[in-house]
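Quick notes on the structure that follows.
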Amino acid sequence: MEGYQEDSSELQEEPSEGSKTSADLQKIVESVNLAEDYDDEDLDKIGIKVIEWFDQDEEARSDWVKRNNEWLKLACQVQTKKTHPWPDAANVKYPLLMTAAMQFAARSYPALVPGPNLVQGIVIGQDNTGEKFNSATRVGKHMSYQLLFEMDGWEEDMDRLCMMIPIVGCLFKKTYYDSLKKQNVSELVLPNDLVIDYYASSVEAASRKSHILFKTNNDIVERVNSGLWLEQEFEDPISGESAKRTSDAINGMKEPQLSPATPHKFVECHCSWDLDEDGYDEPYIITVHYKTKKVVRIVARFEIEGVEFHTDEKTGKEKLVRIVPTEYFTKFGFIPNPDGSIYDLGFGLLLGGINESINTLTNQLLDSGTLNNLQAGFLGRGIRVRAGNTRFIPGEWKPVDFVGDDIKKHIFPLPTKEPSAVLFKLLETLVTSGKELASVAEIFVGKMPGQNTPATTTMATIEQGLKVFTAIHKRLYRALAQEYKKLFRLNSIHMDDKVYFTLTDESGQQPQPMQPMPQQGPGMAAMGGQPPMQPGQAMPQMPMAPQQQTGASAYKADYSKDNLSVKPNADPNVVSQSQKLMKVQSYGALLQLGTISPQEYTKRFLEAVEAENIGKLMQVPPPQPSPEEKAAQMEMQLKQQDAQTKV
C-alpha cells in the first residue's frame with residue numbers, strides 16, 4: 001500500500017525499507033484525514049477488514065449483551081403479559097435492584113461532583129517561588145469551569161453514570177477534542193456501544209476497540225464540509241439497528257420504519273494498522289460506514305511526544321522503537337470481576353438471581369391467594385345451572401334445577417389452601433439477603449433506629465454499612481482522576497495562550513450592576529456628604545457590592561506536564577455528608593492549640609454543611625477600635641495639628 005513512503009522520500013535522500021523519521025510521524029499527526037492520501041481500492045480493503053473485526057468482537061460478547069439487557073429490564077421492572085398458570089396471572093417485579101441503584105447514586109453523585117470546585121491542581125516538584133501553586137490554583141478553577149459550563153452535558157452524564165453503573169457493572173467515558181465544536185468533549189459511552197476485542201485485559205491494553213456511532217444526514221454533511229470526513233455515497237439507513245432497541249423495550253416505544261431522522265451506523269475503530277508498510281503497526285482511528293463498509297476518516301491516535309527512537313551508534317541513524325497510543329476511553333468500574341474479565345460486576349449480576357427468585361415467590365403467593373379467594377370446582381350431572389360464569393353479590397340467592405336429597409353431593413369445590421407461610425418466610429429471607437448484599441439497610445433509606453439506640457452505635461453501624469460503598473467510590477474516584485488527566489493533556493495542546501472565564505460561587509447569583517450616585521444638594525456637603533456636582537464633571541459611582549461572579553484567567557503555560565497534575569476535589573474516603581462533617585469537626589480540638597488556621601477550618605466546615613455563598617460569609621470586617629483607642633487617636637491628631645500651627 002502506498003502513501004507516506006512516497007511523501008517521506010522528499011524528507012530523506014535514501015529511504016530504506018522500514019525507516020521512518022520523526023518528520024514523517026509529525027506529518028501523520030498533523031493530518032486532519034489520512035484517508036485522502038489513499039485510493040478507493042485501498043480504502044475498501046481497510047473498511048471490509050474493520051467491519052469484519054467488529055462483527056467478530058460483537059459476536060464474542062453477544063451472550064453478555066443479552067444478559068446486560070435483561071438486567072436493565074429487571075431494574076426498570078418491565079411488565080410482560082403472563083399466560084401461565086392462567087392468562088393475566090400475577091406478574092409483580094420487586095424493586096430490589098432499582099432500590100440498590102438509587103441508593104448508590106444518591107450517595108456517589110454528590111460525593112463525586114462536590115459543588116463548583118471539581119478539580120484540584122497538584123504541584124509537582126519544588127515550588128520555592130510559589131509560581132507552581134498559583135498555576136495549580138488557576139488550572140483547578142479553569143478546569144472546573146470547563147466541566148460545568150463549557151462541556152455541555154458533562155454533569156448530566158455523571159448523574160446517569162452513577163445511576164447506571166450499579167446495574168450494568170461498568171461504563172466508559174470518551175474524552176477527546178472535537179474539531180467541529182472547537183472544544184473538549186468527555187461523553188458517556190454505554191458498554192453496549194463500545195465493542196472491545198475478546199483478548200483484552202484492560203481498555204488501555206486492548207488491540208482494538210470499536211465505538212458505535214449513529215449520525216444523521218446533517219451530521220455527515222457537517223463533517224464532510226469541514227474536511228473531517230470523506231464524501232462517500234451511502235445507502236439508506238436500516239431501521240432497527242439503532243442503539244435504542246433496549247430502551248424501546250423498556251419504555252414501550254417502537255422505532256419507525258424509515259424517516260429523515262433515522263441515523264446511519266458508523267464504526268469508529270481504535271486500532272493499529274501498517275498504512276505505510278514499514279513493518280510496524282501505528283495507532284490510528286478508522287471510521288467506517290457499517291452498511292456500505294466505506295471509510296470516511298483515518299486519523300492518527302498518538303502524539304509526537306509518545307514516539308520513541310533509538311539512535312544507532314555506528315550509523316548515527318534513528319530507528320523507531322515504539323509509539324505509545326493516546327487513550328480516549330476511561331473505564332468506570334463497579335466491582336472488579338474475579339475472573340479478570342474487562343467487564344466489571346454490578347448489582348445486575350449479583351442481585352439478578354435473588355431478584356428473580358423474589359419475583360417468583362411473590363407471584364406464587366399472589367396466585368395462591370387468588371385461587372383461595374375465587375374458588376372453583378366440579379358440578380355433578382344431576383344439577384343443572386345456566387351455562388357461563390356465575391357471579392354472586394352479597395345477599396343474593398340463585399335458583400338451580402335439582403331434584404335430590406343433598407345438593408352438596410353434586411358440587412365439589414376445588415381444594416385450595418391459603419398462601420403458604422413457608423414461602424412467605426423464604427421470601428423474607430431472600431429480601432433480607434439481597435439488601436445485605438446491596439448494603440441497602442433500613443437505616444440507610446431513612447428509617448429511624450430504636451429509641452434506646454445510642455448515637456455512637458448508630459454512627460458505627462452506618463460507617464460499617466458504608467464500607468462497600470467506600471470501596472466502590474474509591475474506584476470511581478480513580479477513574480475520574482484519569483478522565484481529568486486526559487482533559488489536562490487536551491488543554492496543554494488545544495488551549496489558547498490565555499483564556500478568560502467567569503467564576504460563580506454556590507449561590508449562583510448574578511452580580512449587581514454599578515448604580516450611579518444621586519446628585520446631592522448644597523446642604524449635603526455640610527452633613528458630611530459629597531460636594532455638589534460641577535458642570536461637566538462625571539457622575540461618581542457607588543462602590544460595587546460583593547460580587548458572586550468574578551473574572552479569572554488561565555494560561556496555556558499552566559498546563560505543563562513537568563510542573564502540574566490534577567485530581568478530583570472529592571474525598572475518596574467520604575461518601576456521605578455526615579462522614580464529611582464528622583471528619584471536619586475532629587479538627588476542631590486543634591483550634592485551641594493554635595496549630596491550624598481558623599479561616600481554613602471555617603471554610604471546610606461551611607463546605608461540609610453545604611452552606612451557600614461561602615465567599616461572602618468569609619468576608620469578616622476588620623475589628624472596630626474601642627472608645628479608648630478612638631480618644632487616643634483624636635488626641636494624637638490634635639497634637640499633630642498644634643505642632644503644625646506652631647511651625
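Structural remarks
- When peptides 361-370, 326-335, 420-429 are ranked by their average number of other Cβ atoms within 10 Å per residue, the highest-first order is 326-335, 361-370, 420-429.
- The stretch 77-222 - accessible surface per residue (Å², probe 1.4 Å): 46 Å²
- Accessible surface of the stretch 77-209 [probe 1.4 Å, protein heavy atoms]: carbon and sulfur percent: 51 percent
- Computed from the C-alpha gyration tensor, the three semi-axes of the ellipsoid equivalent to the stretch 261-394 are 71, 22, 12 Å, from longest to shortest.
- When its C-alpha radius of gyration is set against 2.2 N^0.38 Å (N residues), the stretch 49-143 gives a value of 2.02.
- Apportionment of accessible area to carbon and sulfur, the stretch 260-339, percent (1.4 Å): 48 percent
- All-pairs Cα distance distribution in the stretch 321-378, expressed in whole percent, bin size 10 Å: 17, 22, 19, 15, 12, 8, 4, 2, 0
- Peptides 160-172, 179-191, 102-114, ordered by how many other C-beta atoms sit within 10 Å of their residues on average, highest first, read 160-172, 102-114, 179-191.
- Calculated FRET efficiency for the pair Ile383/Gln585, C-beta based, R₀ 56 Å, to 0.05: 0.10
- Summing +1 for each Lys or Arg and -1 for each Asp or Glu among the other residues whose beta-carbon sits under 12 angstrom from that of Ser226 gives 0.
- The listed peptides 478-488, 136-146, 120-130, ordered by packing as a protection proxy, come out as 136-146, 478-488, 120-130 (highest mean of other Cβ atoms within 10 Å first).
- Across the alpha-carbon set of the stretch 141-222, the Rg to Rh ratio works out to 1.00, Rh being the Kirkwood radius.
The values are calculated or read from the model by the stated rules, or taken from the named source; none is laboratory data. Keep in mind it's a predicted model, so treat the numbers as computed, not measured. Quick reminder, even Gly has a Cβ in these numbers, built from the backbone with ideal geometry, and neighbours come from all protein chains shown. To get the accessible areas, we keep the full protein, side chains included, count just its heavy atoms, and leave off ligands, DNA and RNA. Shrake-Rupley method; radii C 1.70, N 1.55, O 1.52, S 1.80 Å.
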